[in-house]
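This report concerns only the one structure given below.
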Amino acid sequence: MLKPGSTIGILGGGQLGRMLAIAAAQMGYRCIAYSPEKEIVAADVCADIFRNKWDDAQAMAAFGQACDVVTWEFENVPVAPLGALGELLVPNARALETAQDRLNEKRFVEGLGGKPAPYATVDNRADLTAAIERIGTPGILKTRGEGYDGKGQWRIQSAYEAEGIAIPDTPAIYEGFIEFEAEFSVILARGQDGEMVFWDSTHNVHDGGMLATSTLPAPDIVTAQVGEARDLARQVADALRYVGVLTLEFFATGNGPVFNEMAPRVHNSGHWTIEGAATSQFANHIRAICGLPLGDTRTIAPGMVMRNIVGKDANTAHSALSDPATQLHLYGKARATDGRKMGHTTALTFD
Ligand code: AMP
């Protein structure tokens with residue numbers, strides 16, 4: 001159990017790190033962030049920052065020395081330099097390795113009984129042609145690594161259209177398109193003793209591959225499939241000996257929940273838990289990595305809508321506060337460019 005005043009290192013300096021640091025500060029911990037980025041929005045609420053390249057071994061070792069525990073908010077942190085952190089790293093690096101490659105991730109989850117969309121690896125044009133012959137269209141070509149918020153993805157409607165698509169110069173996979181009825185995620189926290197807690201699953205609606213809204217209550221098809229999805233998520237967390245918050249995304253279909261992807265971290269579809277649950281995903285991640293008991297995850301209002309604020313909409317975001325039920329979170333990003341997540345609102349309804 002980490003004593004009050006201990007230092008938590010966060011790899012990555014984006015909004016997830018910012019919200020983790022706020023939760024940590026409330027529990028008497030100080031956070032320092034490590035990120036090579038010019039803009040580190042977690043810095044506003046961190047005691048210190050290390051602005052260094054990921055592969056700067058000296059800086060990473062010094063970061064470890066300054067911390068009592070180190071976690072991440074960004075799952076594309078290169079794994080090799082993290083060896084310098086040894087046991088300080090929580091969760092362990094296996095979760096990162098698994099989630100950084102869509103192929104590894106799908107194979108791992110299939111091994112535990114999960115059902116992903118049909119997929120094939122694509123390293124060249126012949127692979128794509130063969131994949132489309134086997135799986136059919138429509139489908140999505142995705143890079144195996146580095147993708148998030150719909151980046152590194154190309155939708156393909158027909159074999160003819162595929163001929164005009166440039167094959168990415170990094171390994172990719174082709175996935176059959178799932179005609180889902182709804183999307184949802186399972187967000188859990190696993191403690192150091194293996195205890196696991198789950199938040200309610202929201203109905204997630206995406207726009208252009210990026211989450212737009214998360215809503216409760218979720219439609220019946222989601223509620224009916226959450227149990228099976230949680231069973232899989234529980235197995236994933238146990239198999240990885242995971243400690244902290246873990247997210248698995250699913251498509252709810254007529255054939256049950258189809259696994260989409262996992263994020264070994266707090267998740268955008270869990271931002272609502274700051275106001276909408278007895279304990280937020282951020283607070284429980286901090287509790288888990290610091291060896292504290294996990295908090296109650298129950299939802300405190302019958303209705304909730306979390307809405308992302310993207311791009312220039314951030315410039316008028318304060319107008320959302322004319323509704324007294326709406327809580328506003330802005331992430332402190334300087335440039336409100338198209339497609340950039342700038343903040344979110346959460347509105348709870350009690351009747
Ligand atoms: P991802 O980054 O893989 O989670 O993809 C972002 C979003 O694109 C998902 O949340 C879905 O809305 C959509 N999407 C991705 N893969 C598929 C698929 N195989 N079938 C249908 N929609 C998909």
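Applying the Karplus relation 6.51 cos²θ - 1.76 cosθ + 1.60 with θ = phi - 60° to region 150-159 yields 3J(HN,Hα) values of x, 7, x, 9, 9, 7, 10, 8, 8, 4 Hz, where x marks Gly and Pro.
Taking every protein chain into account, the accessible area of the chain amounts to 44 square angstrom per residue (probe 1.4 Å).
Other residues with beta-carbon under 11 Å from the beta-carbon of T299 carry, at +1 per Lys or Arg and -1 per Asp or Glu, a net charge of -2. Amide H contacts of F177: G139, I140, each under 5 Å away and 5 or more positions distant or on a separate chain (H built 1.01 Å from N in the peptide plane; Pro and chain starts excluded).
Relative to the current alpha-carbon distance between D338 and A47, full extension at 0.36 nm per residue lengthens the span by 101.7 nm.
Under a 5 Å amide H cut-off, with hydrogens placed 1.01 Å from N, G303 pairs with T349 among residues at least 5 apart or on other chains. Over the chain, the Kirkwood radius and the radius of gyration, each from Cα atoms, give a ratio Rg/Rh of 0.96. Of the accessible area of the chain, with the probe set at 1.4 angstrom, what percent is carbon plus sulfur? Carbon with sulfur: 49 percent of the solvent-accessible area. GNM remark for the chain: springs join alpha carbons under 10 Å apart, and the peak mean-square fluctuation among F259, F282, F177 falls on F177.
Peptides 89-95, 75-81, 284-290, 187-193 ranked from most to least packed by the mean count of surrounding Cβ atoms within 10 Å: 284-290, 187-193, 89-95, 75-81. Relative to the 2.2 N^0.38 Å rule of thumb, region 118-176 has a C-alpha radius of gyration ratio of 0.97.
For region 322-339, the Karplus equation 6.51 cos²θ - 1.76 cosθ + 1.60, evaluated at θ = phi - 60°, returns couplings of 5, 8, x, 7, 9, 9, 10, 10, 10, 8, x, 7, 6, 9, 8, 7, 3, x Hz by residue, with Gly and Pro reported as x.
Filter K115/K341; K3/K53; K142/K312; K106/K341; K3/K142; K106/K312 down to the pairs with a C-alpha to C-alpha distance above 32 Å, please. Listed pairs above 32 Å: K3/K142; K106/K312.
Of the whole protein surface, K312 contributes about 130 Å² of accessible area at a 1.4 Å probe radius. Once the C-beta distance of A80 and A166 is scaled by a Förster radius of 45 Å, the resulting FRET efficiency is 0.95 to the nearest 0.05. Amide H contacts of E261: E249, each under 5 Å away and 5 or more positions distant or on a separate chain (H built 1.01 Å from N in the peptide plane; Pro and chain starts excluded).
Altogether, the Stokes-Einstein calculation at 20 °C and 1.002 mPa s, with the Kirkwood radius of region 216-351 over Cα pairs as Rh, returns a diffusion coefficient of 128 µm²/s. Between L321, L292, L248, the Gaussian network model of the chain with springs among Cα atoms under 10 angstrom shows the greatest mean-square fluctuation at L321.
The values are calculated or read from the model by the stated rules, or taken from the named source; none is laboratory data. The shown structure was predicted, so the numbers you read here are calculated from the model rather than taken from an experiment. For neighbour counting, all protein chains shown are included, and Cβ atoms are generated from backbone atoms with ideal geometry for every residue, glycine included. The protein model used for the area step is the full one, side chains on, heavy atoms only, and it has no ligands, DNA or RNA in it. Shrake-Rupley method; radii C 1.70, N 1.55, O 1.52, S 1.80 Å.
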